[in-house]
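Below is one structure, written out as structure tokens, with a few remarks after it.
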């Protein structure tokens with residue numbers, strides 16, 4: 001990924017938090033037929049390894065866990081906030097008209113060797129953690145133990161675990177840092193006019209970067 005210095009984000013805690021907030025990653029592997037992409041919700045164990053460990057599961061019928069290069073790292077892409085940026089929001093447009101549209105986005109790339117874990121207890125623990133996380137905000141949270149034990153055993157038999165110890169973590173926060181301060185204020189105001197959630201999130205990211213805190 002091309003990352004100009006002014007868009008680079010390297011703080012591990014910030015990168016890990018984006019993975020938590022946008023857990024559906026695009027898992028890219030090299031298989032016998034070329035590149036393969038699968039969309040998988042991951043959990044991040046930030047305390048393990050140098051850069052953290054990603055864990056997830058895929059369907060046993062998915063060939064990705066059998067057909068991948070052990071000599072080439074897997075790549076998982078986590079896409080955060082994104083938004084179109086109109087040049088009409090730039091104050092400098094009024095001065096010389098030398099402005100063009102762009103697109104802001106926040107993204108994390110995680111690289112590492114793919115490991116396969118075909119172990120029922122490991123899978124049950126993973127599914128339990130994922131369930132507790134995503135059910136926590138429900139009025140009546142569902143628990144794995146709510147389902148019949150024989151059914152859970154059957155479902156666990158239909159999935160396979162994957163684990164990726166991260167050896168390289170790259171973050172790109174393209175949030176208008178390359179524009180003059182007056183234009184960045186205009187971007188925040190323009191994005192805030194939208195009634196949609198995504199532009200509001202990007203407006204907050206631009207505002208944070210503008211404050212000098214970056215995230």
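The values are calculated or read from the model by the stated rules, or taken from the named source; none is laboratory data. The structure presented is a predicted model; accordingly, all values stated were derived computationally and were not measured. Ideal geometry is used to build each Cβ from the backbone, glycine not excepted, and the neighbour counts take in all protein chains shown.
Return the total of residues in segment 121-152 being in a helix (DSSP H, G or I), surrounded by 12 or more Cβ atoms within 10 Å (Cβ to Cβ) and without any contact (Cβ under 8 Å) to a residue 60 or more places away in the chain. Selection size over segment 121-152: 10. Residues that are at pLDDT below 95, surrounded by 14 or more Cβ atoms within 10 Å (Cβ to Cβ) and in a loop (DSSP other than H, G, I, E, B) occur in segment 181-204; there is at least one. Residue selection: residue 107 satisfies the criterion of being in contact with a strand residue (DSSP E or B) (Cβ under 9 Å, 6 or more places away or on another chain) and assigned to a strand (DSSP E or B). Quick check: is even one residue across segment 57-78 under 21 Å from residue 4 (Cα atoms), in contact with a helix residue (DSSP H, G or I) (Cβ under 8 Å, 6 or more places away or on another chain) and in a strand (DSSP E or B)? Yes, the conditions are met somewhere in segment 57-78. With respect to (1) closer than 30 Å to residue 70 by Cβ; (2) surrounded by fewer than 20 Cβ atoms within 10 Å (Cβ to Cβ); (3) in contact (Cβ under 8 Å) with a residue 24 or more places away in the chain, the lone exception for residue 155 is condition (3). Considering only residues in segment 205-215 that are under 17 Å from residue 80 (Cβ atoms) and free of Cβ contacts under 8 Å to residues at least 40 places away in the same chain, the one that is surrounded by the fewest Cβ atoms within 10 Å (Cβ to Cβ) turns out to be 213. Filter segment 46-94 down to residues that are without any contact (Cβ under 8 Å) to a residue 24 or more places away in the chain and surrounded by 15 or more Cβ atoms within 10 Å (Cβ to Cβ) and give me whichever is nearest to residue 25 (Cα to Cα). The extreme case among them is 87. The condition (being surrounded by fewer than 20 Cβ atoms within 10 Å (Cβ to Cβ) and under 30 Å from residue 128 (Cα atoms)) is satisfied by just one residue among 178, 167: 167.
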